[in-house]
1. Can you tell me which of Thr280, Thr267, Thr296 is closer than 30 Å to Gly113 by Cα, touching a residue at least 12 places away in the same chain (Cβ under 8 Å) and open to solvent by 20 Å² or more (accessible area, probe 1.4 Å)?
2. Please report, ordered by residue number, the strands (runs of 3 or more DSSP E) entirely within region 195-287 with at least 1 residues that are in contact with a strand residue (DSSP E or B) (Cβ under 9 Å, 6 or more places away or on another chain) and modelled with pLDDT under 95.
3. What tally of residues in region 454-491 results from selecting those that are modelled with pLDDT of 95 or more, part of a loop (DSSP other than H, G, I, E, B) and open to solvent by less than 60 Å² (accessible area, probe 1.4 Å)?
4. Being within 9 Å of the ligand (Cβ to nearest atom) and in contact with an Asp or Glu (Cβ under 9 Å, 6 or more places away or on another chain) is the filter; apply it to region 246-264 and report the residue that is most open to solvent (accessible area, probe 1.4 Å).
5. Would a scan of region 272-286 turn up a residue that is touching a helix residue (DSSP H, G or I) at 6+ places or on another chain (Cβ under 9 Å) and away from the ligand (no atom under 16 Å from the Cβ)?
6. Listed residues Asp318, Asp354; which is within 16 Å of the ligand (Cβ to nearest atom) and among the charged types (D, E, K, R)?
7. Given the criteria part of a loop (DSSP other than H, G, I, E, B), among the basic types (Lys, Arg) and farther than 20 Å from Leu306 by Cβ, does Arg50 qualify?
Amino acid sequence: MKIALAHGDGIGPEIMTSVLELFQAAGVMQHVEFVPVEMGQSVFEQGNTRGMTDGAIRTTEDCGILFKGPMGTMKGAGGKSINVTARKIWNAFANLRHFMALPGVETVYTRAGIPVSFYIVRENIEDTYGGVEHRLSADTIQGKRLISAPGSDQVHRFAFQAARRLGIQNITCGHKANIMKMTDGLFLERFKAAAKDFPEIQTSDVIIDALCMNLVVKPQNYQMIVLPNLQGDIVSDLAAGLVGGLGFAPSANIGKHISIFEAVHGTAPDIAGRGIANPTALILSGLMMLRHIGFTKPAAVIHNALFAALEAGVRTGDFGDKSKPALSTKDFTKGIIERLGQKPKAAAAPVPEDGTSPNFKRPERPAHQEVIRTFANVVTQVTGCDLYLDTNLSPIALADEMSRAAHDTPFKLTLISNRGTQVWPTGSVFTECVDYYRVRFELKDGVAPGSFGQSRCISLLDKVAEKFTVCSYELLRTFDGVKGYSMAQGQ
Ligand code: NAD
């Protein structure tokens with residue numbers, strides 16, 4: 001079988017060479033052909049803002065699996081993160097990461113005898129990572145946070161299926177549904193819905209800030225945690241810290257058609273080119289990949305050799321017993337290759353009799369982009385609109401203007417908020433306002449919801465826009481009779 005291979009930037013080529021040498025020595029190359037693809041910094045530098053050539057895209061889509069080294073991202077304006085682009089265009093919706101205390105990697109937990117081994121499943125497509133951002137006024141920028149029911153369903157189902165496969169009995173959903181009641185509320189609701197199909201797995205949920213504290217205080221309480229994208233990104237690095245740092249955290253981005261395997265860490269520009277990088281995270285990612293394609297026997301053999309080497313004090317400069325010499329990436333790799341066939345004293349991976357060749361079958365290429373749905377046949381009714389205005393008026397002056405605009409329409413002004421806090425009809429004089437307001441119009445008493453479509457809202461917008469800059473607009477609707485919009489803070 002073929003796997004697309006991108007060496008990556010910075011330390012990428014050094015650690016990828018290490019993994020390929022290990023694969024060669026363990027006989028992986030007899031069954032897998034790695035097809036090089038052009039992605040990363042050098043492609044950005046050719047003026048390609050996607051950071052990957054058309055050939056790289058075609059090869060990855062043909063193979064169904066991409067094994068990649070870390071790739072640099074330009075900060076601020078300019079090219080988008082190639083890592084995020086790759087996960088998103090190929091819909092690798094679930095990011096599975098395993099955080100496990102490794103032999104020879106000393107941490108406060110290993111010293112205290114506290115076992116740490118848990119998985120994080122991070123939603124990989126949605127949330128603020130949509131990157132839908134706009135400058136709405138001189139002083140205010142908005143980023144949209146999108147959470148969808150089918151997107152949440154995909155990641156939750158994947159988590160439960162992975163837990164079943166890995167023999168995990170307990171999954172925790174982390175969220176901030178106490179504040180983001182609708183977005184995180186939906187993520188949590190879909191977690192509970194998915195759980196019904198996996199009754200043997202126990203579930204719980206926890207607010208993200210408490211989760212961070214619990215993970216530091218009692219990491220042994222967790223087996224698998226499923227999280228929205230941004231929260232998952234942050235908690236993953238916290239989790240890497242629990243097991244010794246980013247050099248030990250592997251990662252698999254799993255999709256229906258294409259999956260991407262990479263280390264959690266970045267390109268480490270500060271040590272690139274010096275031949276001292278730690279390849280462990282990329283090796284562990286490579287092992288997740290071999291297991292994903294059903295090539296489980298060499299995965300177990302390499303896993304045992306890596307652990308045996310770590311137990312023997314084989315280490316790069318970033319970890320381990322400082323009284324032992326810090327090896328180069330090359331010598332570290334040699335130390336593992338020499339131990340192929342050995343088993344570590346602790347936690348040896350069982351070497352299966354089968355899994356001696358890959359059994360991966362890439363699903364058929366879809367003929368077109370699929371629309372995925374969770375809730376069909378929902379009855380919606382228009383109840384009003386929120387208009388977002390770029391203005392410096394005071395709330396009272398703005399209320400006067402808006403009440404006038406609503407005259408002769410089916411709507412009345414019900415709320416003005418600033419940065420999400422209600423400032424009219426009631427509010428606190430201590431609330432400071434910026435140059436960007438939301439004004440909410442809802443149906444006047446006696447006007448039935450759904451008695452017209454959104455065109456009346458657009459007419460109102462048109463009227464307001466004669467005097468004000470309307471920088472965005474949201475339709476207010478009920479869905480099967482339930483309000484599809486949140487209240488303002490203080491309302
Ligand atoms: P980083 O992970 O590259 O480095 C953070 C620190 O950890 C540095 O001190 C580095 O030397 C050390 N480190 C990381 N990996 C190591 C390894 N394998 N062995 C030894 N030490 C290691 O994070 P950063 O400096 O914030 O990011 C650098 C670049 O990498 C940025 O352009 C960023 O966008 C990119 N990045 C890419 C990925 C990816 O490709 N998936 C992930 C994260 C960051």
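1. Thr296
2. Values: elements: 202-207, 224-227, 250-254, 259-263.
It comes to 250-254, 259-263.
3. Summing the residues that are modelled with pLDDT of 95 or more, part of a loop (DSSP other than H, G, I, E, B) and open to solvent by less than 60 Å² (accessible area, probe 1.4 Å) in region 454-491 gives 3.
4. Leu246
5. No, the conditions are met nowhere in region 272-286.
6. Testing whether each residue is within 16 Å of the ligand (Cβ to nearest atom) and among the charged types (D, E, K, R) leaves just Asp318.
7. Details: part of a loop (DSSP other than H, G, I, E, B): yes; among the basic types (Lys, Arg): yes; farther than 20 Å from Leu306 by Cβ: yes.
Criteria met by Arg50.
Okay, residues lined up against (1) of a type outside the set (S, T, N, Q); (2) within 20 Å of Ala249 (Cα to Cα); (3) more than 16 Å from the ligand (Cβ to nearest atom):
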{"position": "Leu5", "(1), (2), (3)": "yes, yes, no"}
{"position": "Ile15", "(1), (2), (3)": "yes, yes, no"}
{"position": "Gly40", "(1), (2), (3)": "yes, no, no"}
{"position": "Gly55", "(1), (2), (3)": "yes, no, yes"}
{"position": "Thr60", "(1), (2), (3)": "no, no, no"}
{"position": "Thr73", "(1), (2), (3)": "no, yes, no"}
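The values are calculated or read from the model by the stated rules, or taken from the named source; none is laboratory data. Bear in mind that the values here come from a model prediction, so they are computed numbers and not experimental data. Counting neighbours? That spans all protein chains shown, and the Cβs are built from the backbone with ideal geometry, glycine included. Heads up: the accessible areas ignore ligands, DNA and RNA and are worked out on the full protein's heavy atoms, side chains in. Shrake-Rupley method; radii C 1.70, N 1.55, O 1.52, S 1.80 Å.
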